[in-house]
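Novice: Okay, handing you the structure first.
The values are calculated or read from the model by the stated rules, or taken from the named source; none is laboratory data. Just so it is clear, the structure is predicted and the values come from calculations on it, not from any experiment. Cβ placement follows ideal geometry from the backbone for every residue including glycine, while neighbour counts extend to all protein chains displayed. Keep in mind that these areas ignore ligands, DNA and RNA; they rest on the heavy atoms of the full protein, side chains included. Shrake-Rupley method; radii C 1.70, N 1.55, O 1.52, S 1.80 Å.
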Amino acid sequence: MATVFTRRIIAYIIDFFVVSAFMWIVSYFIFLISNPNDVHSIYQYIPYVVPFLIYFYFVLTEKLAGASVGKALMFLQVKSKNGSDISWPQAIVRNLTKIYWVPIIFDWLIGKILKTDRLLNNITRTIVVNDNS
């Protein structure tokens, strides 16, 4: 079986596709309700709106379900280091680097330099574990 790290990467890729599909649906409905003569004006707001929708996806799924869709499919779960479910502040802070997808690389690199998992996991005292249920 793959390591937790490998499954986390696969889960992140799955989440990318889930979020992309969700964004496609949202954009479709936005285009339906917008002015048909000025549809392209919506594109100027997308770089500001989409990252926060991605962020809310991760915060809500990890807080309410314990895992994003990708993590759930890879049988992973986010927990506090004491074994309890994560709190709202933990979910909010640990997902800050996922707003634009790329900063998570630096979060991981800084974590490796500090000999830990991810910097924000260390700060929030959270961990990604095998889902044994």
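Novice: In region 1-104, what percent of the accessible surface is made up of carbon and sulfur (1.4 Å probe, ligands and nucleic acids excluded)?
Specialist: C and S fraction of accessible area: 75 percent.
Novice: If you place +1 on the Cβ of every Lys and Arg, -1 on the Cβ of every Asp and Glu, and leave all else neutral, what size is the dipole of the chain about its Cα centre, to the nearest 20 Debye?
Specialist: The calculation lands at about 560 debye.
Novice: Using Cα pairs closer than 8 Å and at least 6 residues apart in sequence, work out the relative contact order for region 42-133, in percent.
Specialist: On the way: 101 pairs, mean separation 27.9, N = 92.
Answer for region 42-133 is 30 percent.
Novice: Between S87, L76, I113, whose Cα lies farthest towards the positive end of the dipole of region 63-133 when Lys and Arg beta carbons carry +1 and Asp and Glu beta carbons carry -1, centred on the Cα centre?
Specialist: Projecting each Cα onto the dipole axis, the largest value belongs to I113.
Novice: In deg cm²/dmol and to the nearest 500, what is the mean residue ellipticity at 222 nm of the chain if only DSSP H runs of at least 4 residues count, each as -39500 (n - 2.57), divided by the residue total?
Specialist: -18500 deg cm²/dmol
Novice: Follow-up question, since we're still on this one. Sort W108, W24, W101, W88 from largest to smallest accessible area, using a 1.4 Å probe on the heavy atoms of the protein chains. All intermediate terms of the calculation are to be shown ahead of the outcome.
Specialist: Details: W108 85, W24 165, W101 50, W88 110 Å².
From most exposed to least exposed: W24, W88, W108, W101.
Novice: Quick check: net charge around I54, other residues with Cβ under 13 Å of its Cβ, Lys/Arg +1 and Asp/Glu -1?
Specialist: Once all neighbours under 13 Å are counted, the net charge is -1.
Novice: Moving on to the next point. What is the distance in Å between the Cα centres of region 95-133 and region 1-74?
Specialist: 19 Å
Novice: Another question about this same structure. Mind checking region 53-133 for trypsin sites (Lys or Arg not before Pro) that DSSP puts in a loop (not H, G, I, E or B) and that have at most 10 other Cβ atoms within 10 Å? Show your work: numbers first, answer last.
Specialist: Values: sites: K63, K71, K79, K81, R94, K98, K112, K115, R118, R125; in loops: K81, K115, R118, R125.
Those satisfying the criteria are K115.
Novice: Which three extents, in whole angstrom, do the alpha-carbon atoms of the chain cover along their principal axes, largest first?
Specialist: Answer, in whole Å and largest first: 54, 31, 27 Å.
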